[in-house]
Amino acid sequence: MSLRAITLLAAAGAAAFLAWTYQGARLGAELAEARADATSEQLATSIAQRVADARVRRAEQSITTTYQEALNAARTREAQLRRDLDQLRTVSDGLREQSADAAQRLASAPPAAVLEYATAVNAVYDDCRAAYGDMAAAAAGHAADVQTLGAAWPVIPTPSLPAAGTSTESNP
């Protein structure tokens, strides 16, 4: 073999080695760039997930606080209603005793006193009937308010998942 053939063969070998090295470096740089892109996408996804999680936690905390406040208010109202009921029972027991006493006195009372008592009882009955009528109207109004509130209460729809291979984003 001649020197020229050896030189050409060495030059071709060096060129192949340099091309191989260049291609390896280029592919290594592309791989590093792809890894960097993947890492930045993972970071962006992680940040978006953390923001969404924080937003959900704030919403959940707000709902929990509102629920707890409503529950505490309901317990307070219930305690007040129980106190009012106890007071009403005490008054009712007193009225029952007064009624029994009046019945005993009425049995031996003159007819004019019985007539006056009947007139007074009739006036009290009319007052009670009017008060109960007002209460019934107020109760019907409250029932209508409850129905309106129930119908107007916000309902959070469950999101449907997109079909496989489709995207919910629109391209301009």
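Couple of notes before you dig in:
- Selected from T39, T119, M135, residue furthest toward positive end of dipole (the chain; charges at beta carbon): T39
- Secondary-structure-derived ellipticity at 222 nm for the chain, considering helices only, amounts to -32500 deg cm²/dmol, per-run term -39500 (n - 2.57) for DSSP H runs with n ≥ 4.
- Selection from A102, T90, A29 lying farthest towards where the dipole of the chain points positive, charges on Cβ: A29
- Crossing angle, helix 3-107 versus the chain [Cα axis fit, 0-90 degrees, rounded to tens]: 0
- Cα centroid of region 42-76 to Cα centroid of region 83-136, whole Å: 55
- In terms of its C-alpha gyration tensor, region 68-149 has an oblate overall shape, because the principal axis ratio a/c (a ≥ b ≥ c, square roots of the eigenvalues) is not below 1.5 and a/b does not outweigh b/c.
- Acute angle (nearest 10 degrees) that the helix 111-152 long axis makes with the longest principal axis of the chain, alpha-carbon atoms: 10
- Charged-residue dipole, Cβ positions (Lys, Arg, Asp, Glu), the chain about Cα centre, Debye nearest 20: 940
- GNM result for the chain, Cα springs below 10 Å: residue of Y117, Y67, Y22 fluctuating most strongly: Y22
- Square roots of five times the Cα gyration tensor eigenvalues for the chain, Å: 98, 18, 8
All of the numbers you see were taken from the coordinates with simple rules; none came from a lab. Keep in mind the model is a prediction, meaning the values are calculated, not measured. Glycine gets a Cβ as well: all are built from the backbone with ideal geometry, and neighbour counts include every protein chain shown.
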